[in-house]
Amino acid sequence: MSGSPAALQPPADAVAPVRHPDAPAPGELLGAHYGEYFGCGGRQPHGLRLQARAGEGVRITAEFTVRPAHQGAPGLAHGGVLASALDETLGSLNWLLRTIAVTGRLETDFVRPVPVGTTLHLEAEVTAVAGRKIYSTATGRVGGPDGPVAVRADALFIEVKVDHFVHHGREEEIQAAMSDPDQIRRARAFEVNP
């Protein structure tokens with residue numbers, strides 16, 4: 001995006017992102033953080049149920065279908081829901097870095113209306129890393145992966161330790177996530193945006 005604020009521009013000493021060797025393979029479905037997670041969980045009745053797949057390098061693709069519970073103006077997706085879909089997609093990039101990170105800043109542009117019933121095709125990539133700061137960008141298209149852009153965003157994520165969630169989350173949910181015997185789901189549970 002042109003004209004992004006300085007906070008979303010990587011500094012001169014930023015480096016190119018490096019995909020972690022243990023990251024999911026290109027084409028692999030990333031799966032849900034946990035069942036109740038708003039962005040990708042299957043047990044959240046009005047959640048996005050976003051499906052994200054690993055791409056090449058430090059890129060992912062995702063799809064989100066706008067349901068009636070997601071509308072703002074009659075028949076159109078609510079802008080906050082679209083921003084959430086972008087944030088969820090951008091946050092999932094951190095799984096390819098195998099880094100726990102939270103949203104520090106998200107700037108969203110709404111280019112065209114997204115009708116209820118539309119599947120939004122999202123694509124995101126990490127553009128640079130500078131210390132604990134991770135810079136990324138995403139677009140959402142209607143009508144297919146090559147369709148017209150409806151929304152786009154630039155983001156800054158900040159790497160944190162799992163203690164961030166322990167200190168700020170609700171004890172019962174933290175304990176449930178930490179006691180999950182599935183190591184991958186347990187790790188994914190803490191790759192969230194508070």
* Asked: Within the stretch 88-104, which residues are among the β-branched types (Val, Ile, Thr) and under 15 Å from Leu8 (Cβ atoms)?
  -> Thr103
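To keep it simple, each residue is scored yes or no on (1) touching a helix residue (DSSP H, G or I) at 6+ places or on another chain (Cβ under 7 Å); (2) open to solvent by less than 10 Å² (accessible area, probe 1.4 Å); (3) under 21 Å from Leu29 (Cα atoms).
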{"site": "Gln51", "(1), (2), (3)": "no, no, yes"}
{"site": "Ala54", "(1), (2), (3)": "yes, yes, yes"}
{"site": "Gln71", "(1), (2), (3)": "no, no, no"}
{"site": "Gly75", "(1), (2), (3)": "no, no, no"}
{"site": "His78", "(1), (2), (3)": "yes, no, no"}
{"site": "Ala85", "(1), (2), (3)": "no, yes, yes"}
* Asked: Gly131 versus (1) over 21 Å from Gln51 (Cβ atoms); (2) surrounded by 15 or more Cβ atoms within 10 Å (Cβ to Cβ): which is the lone unmet condition?
  -> (2)
* **Subset tally (residues that are at pLDDT 95 or above, over 23 Å from His46 (Cβ atoms) and aliphatic (A, V, I, L, M)) for the stretch 84-123** => 1
* Give Thr61, Thr65 a once-over and let me know the one that is at pLDDT 95 or above, in contact with a strand residue (DSSP E or B) (Cβ under 9 Å, 6 or more places away or on another chain) and either farther than 16 Å from Glu28 by Cα or among the polar types (S, T, N, Q) (or both). => Thr61
* Structure fact -> Residues in the stretch 105-144 that are more than 14 Å from the chain's Cα centre (by Cα) and more than 18 Å from Ala77 (Cβ to Cβ) total 7
* **Residues located in the stretch 146-155, provided they are in a strand (DSSP E or B) and either at pLDDT below 95 or surrounded by fewer than 22 Cβ atoms within 10 Å (Cβ to Cβ) (or both)** => Val149, Arg152
* Asked: Consider Phe110 against the criteria (1) hydrophobic (A, V, I, L, M, F, W, C); (2) open to solvent by less than 70 Å² (accessible area, probe 1.4 Å); (3) farther than 15 Å from Leu93 by Cα: it satisfies all of them except one. Which criterion is unmet?
  -> (2)
* **Scan of the stretch 128-139 for residues that are of a type in the set (Gly, Ala, Ser) and touching a residue at least 60 places away in the same chain (Cβ under 8 Å), ordered by number** => Ala128, Ala130
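The values are calculated or read from the model by the stated rules, or taken from the named source; none is laboratory data. On a predicted model such as this, the values are computed, not experimentally measured, just so you know. Because the Cβ atoms are built from the backbone with ideal geometry, glycine has one as well, and the counts that use them run over all protein chains shown. Keep in mind that these areas ignore ligands, DNA and RNA; they rest on the heavy atoms of the full protein, side chains included. Shrake-Rupley method; radii C 1.70, N 1.55, O 1.52, S 1.80 Å.
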